[in-house]
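Shown next, in structure tokens, is the structure this report addresses.
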Amino acid sequence: MKRSMYLLLGFCTIFNWSITQAQTQQELIADGNKGGNTDNVLTYGMGYHQQRFSPLKQINKANIKKLVPVWSHSLNNNVGEQAQPMIYNGVMYVTNVQQTVAIDIKTGRQIWATPIDWEREAARIVCCGLSNRGVAIYDGKVFVASLDSYIKALDAKTGKQLWRTKVAEWKDGYSITSAPTVANGVLMTGMTGGEYGVRGFVAGYDPQTGKELWRRFTTVAPGEKGSETWPNDDSYLRGGGSTWITGSYDPELDLTFWGTGNGGPWNSKWRPGDNLYVASVIAIRPKTGEIAWHYQWTPAETYDYDGVNENILADMTIFGQKRKALLHADRNGFMYVLDRTNGKLISGHAYVPVNWAKPTIDPNTGRVEETDVAARIRAGEQVELQPRWTGGKNWSPMAYNPNTQKVFLPMQEETAIYQLNNKDMPNYKPGERYMGATNSTKARDPKLPWGYFGALDPVSVKADWRIPQVEFPIWSGTLVTGGGIVFTGKLSGEFMAVDEKTGKVLWEFQTGSAINAQPITYTLAGRQYVTVLSGLATGTSLRRETAGKVQPGASVWTFAIMKD
């Protein structure tokens, strides 16, 4: 009898562990939605929709001044922190380019740490900072990518590597800086390398084995649908269209939505045509990699306006009608609202100063209309270009409140000095820059803001409020909560809470290094917590802006309301 009881208890222990470590597709779908468990953060963007909204309101405007650090954990990294943590059953999973770490969220103590082994020489083909924006978790596994273009699975309990798969050859200019995602049982990853003459793609893998299931290229080959948008040669093989920000997912439509980057080379003269699917959003079926529809943000892209920024999925009332919308603030300076069932444009307006195109896109044509500034650029003149190639907004993700239908985002207003080389076609060499343009930044008046952090109506782009950013621009992600609080961070190191309605800064805490990561909120034993990573990233723009003023660092900071 005792032996049978011990066996039963042992079985139950194993069974319970398997339950606590198994993330199912149903749990991923519920994450960030009604019915989801607020103790967990299971998806990039705090929900497949990537709204970065939480209904939690224990932390609110009335008590925000009592928000205090609960613990801080060092990540031993001096090249920057940009990741969003994931949380499951009391364990936080966080990563950077050096390691993936599991942390007990109650105590801040490390459970395990697994180095990310990657070829250090690969750093030379990463254009814009040594970054890793997070992990995916599913079925007891933690999935993480590396700068030398591998993806691997770790055991969520121990950190032990289960499998490792090569995604691309880094020596050809490919790298991975984004978080993977799991949609409908398929592990998906994008890639980067738009400055190195790569051919962009999204790839799907079996999460159990790492076997590649499909690969969807983002530049169209001769004979394929859309090939008329490319010259009849092999330029599509070096055409760019990288996919370096994680796609969102609509389980009802069974579509994932991935943005694509700049064309290769930058100078579109050497690849005449609109160049599908460069600088676009593509709706992909996760089981097959089939493209269901596309929309091109910047046809014949020649400005380094990557179209990879997050695609927020929202069910909205627009002009009196309920719409399944996709919201996107592009680097090209336009805020787009699409019908995510078919990719048709609902509205498109400039949300920062734009001079290369007219400020409103006609929904009947759905196509941005270029100005004489664009014509002069394409003719090879040296021209002042707004926005700068870093964009009206770069990758730093915005947040959306479904109750108010407002978005909260950083907006940058720099100007580029830009010129295309129309005389000499760039010489392609694998793993070397492939651009055909020169770019610099117009000197700015230090008394004027780099840009703003604000709240906008995504349809009209009318601002409720804007906070000028005079010392540094904001490169942090954004989080909005049911407590009326918007969280974001500064390059000077302050993590801050802003009144959602007025834009008043209610609270700040100095973390010791720049914040260019993505805050999250969650609960443990009924108490609400907020977590963000701190650590100055190595992107060229960030280092230019902070030179001599902000030190590197690497830490996880977790906050809660002070107990009485």
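Of note:
- Considering Asp315, Asp339, the condition of being under 28 Å from Lys34 (Cα atoms), in contact (Cβ under 8 Å) with a residue 60 or more places away in the chain and open to solvent by 10 Å² or more (accessible area, probe 1.4 Å) is satisfied by Asp315 alone.
- Filter result for Gly264 (farther than 26 Å from Leu409 by Cα and open to solvent by less than 10 Å² (accessible area, probe 1.4 Å)): yes
- Leu524 being in contact (Cβ under 8 Å) with a residue 40 or more places away in the chain, out of contact with any helix residue (DSSP H, G or I) (no Cβ under 8 Å at 6 or more places or on another chain), closer than 30 Å to Asp104 by Cβ and surrounded by fewer than 17 Cβ atoms within 10 Å (Cβ to Cβ): yes
- Filter result for Gln518 (surrounded by 24 or more Cβ atoms within 10 Å (Cβ to Cβ), of a type outside the set (Lys, Arg) and either touching a residue at least 24 places away in the same chain (Cβ under 8 Å) or closer than 17 Å to Leu409 by Cβ (or both)): yes
- Scope region 218-237; condition outside any loop (DSSP other than H, G, I, E, B) and more than 17 Å from Pro299 (Cα to Cα); matching residues: Leu237
- Inter-residue pairs, beta-carbon under 6 Å, first within 21 Å of Asn132 (Cα to Cα) and among the charged types (D, E, K, R) and in region 389-403, second open to solvent by less than 10 Å² (accessible area, probe 1.4 Å) and at pLDDT below 95, 6+ apart: none
- Top-ranked residue of region 279-292 - restricted to ones that are within 21 Å of the chain's Cα centre (by Cα) and open to solvent by 10 Å² or more (accessible area, probe 1.4 Å), ranked as nearest to Ile361 (Cα to Cα): Ile291
- Qualifying residue in region 391-414 (condition: farther than 30 Å from Gly32 by Cβ and either touching a Gly at 6+ places or on another chain (Cβ under 8 Å) or part of a helix (DSSP H, G or I) (or both)): yes
- Only a single item in (1) part of a strand (DSSP E or B); (2) touching a residue at least 60 places away in the same chain (Cβ under 8 Å); (3) open to solvent by less than 20 Å² (accessible area, probe 1.4 Å); (4) of a type in the set (Ser, Thr, Tyr) is not met by Ser72, and it is number (3).
- Those residues of region 361-382 which are hydroxyl-bearing (Ser, Thr, Tyr) and either surrounded by 13 or more Cβ atoms within 10 Å (Cβ to Cβ) or part of a helix (DSSP H, G or I) (or both), in sequence order: Thr371
- The listed residues are Lys269, Lys225, Lys287, and the only one of them that is closer than 30 Å to Lys423 by Cβ and among the charged types (D, E, K, R) turns out to be Lys269.
- Residue among Met496, Met562 that is open to solvent by 40 Å² or more (accessible area, probe 1.4 Å), among the aliphatic types (A, V, I, L, M) and at pLDDT 95 or above: Met562
- Region 1-35, residues that are more than 26 Å from Asp206 (Cβ to Cβ), surrounded by 10 or more Cβ atoms within 10 Å (Cβ to Cβ) and at pLDDT 50 or above: Asn33
- Criterion (under 15 Å from Leu479 (Cα atoms), touching an Asp or Glu at 6+ places or on another chain (Cβ under 9 Å) and free of Cβ contacts under 8 Å to residues at least 60 places away in the same chain) met by exactly one of Gly47, Gly36, Gly32: Gly47
- When the residues of region 183-201 are filtered to those that are crowded, with 24+ Cβ neighbours inside 10 Å and of a type in the set (Val, Ile, Thr), the one that is nearest to Arg124 (Cα to Cα) is Thr192.
- Subset of region 358-376 (residues that are free of Cβ contacts under 8 Å to residues at least 24 places away in the same chain and small (Gly, Ala, Ser)): Ala374, Ala375
- Unmet criterion (only one of (1) open to solvent by less than 20 Å² (accessible area, probe 1.4 Å); (2) within 15 Å of Val556 (Cα to Cα)) for Asn78: (1)
- Exactly one residue out of Gly380, Gly366, Gly320 is in contact with a Leu (Cβ under 6 Å, 6 or more places away or on another chain) and farther than 25 Å from Trp244 by Cα: that is Gly380.
- Cβ-Cβ contacts under 7 Å between residues 6 or more apart (or on different chains), taken from a first residue in region 469-492 that is small (Gly, Ala, Ser) and surrounded by fewer than 23 Cβ atoms within 10 Å (Cβ to Cβ) to a second residue that is assigned to a strand (DSSP E or B) and at pLDDT 95 or above, are listed as Gly482/Ser54; Gly484/Asp499.
- Whichever residue in region 146-182 is charged (D, E, K, R) and farther than 16 Å from Ile125 by Cα and, among such residues, is surrounded by the most Cβ atoms within 10 Å (Cβ to Cβ): Lys152
- Picking from residues in region 433-462 that are more than 18 Å from Met398 (Cα to Cα), among the hydrophobic types (A, V, I, L, M, F, W, C) and part of a loop (DSSP other than H, G, I, E, B), the one that is least open to solvent (accessible area, probe 1.4 Å) is Met435.
Listed here are the residues, each with its yes/no results for (1) in contact with a Leu (Cβ under 8 Å, 6 or more places away or on another chain); (2) within 22 Å of Gln84 (Cα to Cα); (3) surrounded by 15 or more Cβ atoms within 10 Å (Cβ to Cβ); (4) at pLDDT below 95.
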site: Asn394; (1), (2), (3), (4): no, yes, yes, no
site: Pro397; (1), (2), (3), (4): no, yes, yes, no
site: Tyr400; (1), (2), (3), (4): yes, yes, yes, no
site: Asn403; (1), (2), (3), (4): no, no, no, no
site: Val407; (1), (2), (3), (4): yes, yes, yes, no
site: Met411; (1), (2), (3), (4): no, yes, yes, no
site: Ile417; (1), (2), (3), (4): yes, no, yes, no
site: Met425; (1), (2), (3), (4): no, no, no, yes
site: Gly431; (1), (2), (3), (4): no, no, yes, yes
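The values are calculated or read from the model by the stated rules, or taken from the named source; none is laboratory data. No experiment lies behind these values; they were computed from the predicted model shown. With ideal geometry, Cβ positions are generated from the backbone for all residues, glycine too; neighbour counts draw on all protein chains shown. Quick note on the areas: whole protein, heavy atoms, side chains included, nothing else; ligands and nucleic acids left out. Shrake-Rupley method; radii C 1.70, N 1.55, O 1.52, S 1.80 Å.
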